[in-house]
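K.L.:
Let me begin by handing over the structure; questions about it come next.
The values are calculated or read from the model by the stated rules, or taken from the named source; none is laboratory data. Predicted model only: the values in this text are computed from it and were never measured. Cβ: placed from backbone, ideal geometry, glycine included. Neighbour counts: every protein chain shown. Quick note on the areas: whole protein, heavy atoms, side chains included, nothing else; ligands and nucleic acids left out. Shrake-Rupley method; radii C 1.70, N 1.55, O 1.52, S 1.80 Å.
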Amino acid sequence: MTAAGSIQFRIDRSSGVATYVQFVQQVRQALRLGLLQPGDKLPTAREVVEATAVNPNTVLKAYRELERAGLVEAHRGLGTFVRDTVSAAQALDSPYRAGLEDWVARAHEGGLEREDMEALFDSVLNKHFPQETP
């Protein structure tokens with residue numbers, strides 16, 4: 001992801017998460033962090049395909065999913081634009097971000113790799129936000 005108003009998708013092909021879902025998650029995260037605002041234009045499907053080497057239908061599926069969720073709106077011939085945000089809270093300016101930045105820096109200095117930190121963070125999140133099982 002880049003500066004406000006734009007997004008660069010990255011794909012983790014080893015994650016086991018469908019590519020279109022990764023796109024949707026990245027847009028939702030950018031909205032939640034305030035990196036994308038209503039009115040911002042998403043990259044065209046062609047631009048995403050060129051940057052990520054995925055099938056155009058994958059990009060279009062992600063954009064349709066975002067449109068169904070009411071987060072973006074497609075305008076034929078103009079592009080796909082952000083319609084709404086995910087959360088009113090601006091996490092970029094949140095005091096929690098500073099604490100998290102500090103924690104990540106200390107963990108990295110302590111020798112933890114990204115995957116280690118993700119596993120720790122996920123385990124704490126799962127403890128506080130247990131997933132319901134069907």
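K.L.:
I need the full set of residues from the range 69-83 which are touching an Asp or Glu at 6+ places or on another chain (Cβ under 9 Å) and either assigned to a helix (DSSP H, G or I) or at negative phi (or both), in order please. Give the derivation first.
P.N.:
Within the range 69-83, the subset touching an Asp or Glu at 6+ places or on another chain (Cβ under 9 Å) is 69-74, 80-83.
Correct list: Ala69, Leu71, Val72, Glu73, Ala74, Thr80, Phe81, Val82, Arg83.
K.L.:
If you don't mind, there's one more thing I want to ask. Being open to solvent by 30 Å² or more (accessible area, probe 1.4 Å) and either free of Cβ contacts under 8 Å to residues at least 12 places away in the same chain or under 13 Å from Asp84 (Cβ atoms) (or both) is the filter here, so list the residues in the range 19-35 that pass it.
P.N.:
Passing the criteria: Gln25, Arg28, Arg32.
K.L.:
Follow-up question, since we're still on this one. Filter the range 10-68 down to residues that are of a type in the set (Gly, Ala, Ser) and not in a helix (DSSP H, G or I), then give me how many there are.
P.N.:
Looking only at that region, the number is 7.
K.L.:
I need the full set of residues from the range 36-69 which are open to solvent by less than 30 Å² (accessible area, probe 1.4 Å) and either aliphatic (A, V, I, L, M) or over 14 Å from Gln22 (Cα atoms) (or both), in order please. It would help to see each step written out before you state the result.
P.N.:
Of the range 36-69, the ones open to solvent by less than 30 Å² (accessible area, probe 1.4 Å) are 36, 42-43, 45, 48, 52, 54, 59, 62-63, 66.
Within the range 36-69, Leu36, Leu42, Pro43, Ala45, Val48, Val54, Val59, Ala62, Leu66 qualify.
K.L.:
Working only within the range 99-113, note down all residues that are small (Gly, Ala, Ser) and not in a helix (DSSP H, G or I).
P.N.:
Step one: filter the range 99-113 for residues small (Gly, Ala, Ser), giving 99, 105, 107, 110-111.
Answer for the range 99-113, where residues must be small (Gly, Ala, Ser) and not in a helix (DSSP H, G or I): Gly110, Gly111.
K.L.:
Something else about it: Can you tell me which residue among Thr58, Thr44 is hydroxyl-bearing (Ser, Thr, Tyr), closer than 17 Å to Phe9 by Cα, modelled with pLDDT of 90 or more and out of contact with any helix residue (DSSP H, G or I) (no Cβ under 7 Å at 6 or more places or on another chain)? Working first, answer last.
P.N.:
Working: Thr58 fails: out of contact with any helix residue (DSSP H, G or I) (no Cβ under 7 Å at 6 or more places or on another chain).
Being hydroxyl-bearing (Ser, Thr, Tyr), closer than 17 Å to Phe9 by Cα, modelled with pLDDT of 90 or more and out of contact with any helix residue (DSSP H, G or I) (no Cβ under 7 Å at 6 or more places or on another chain) holds for just one of Thr58, Thr44, which is Thr44.
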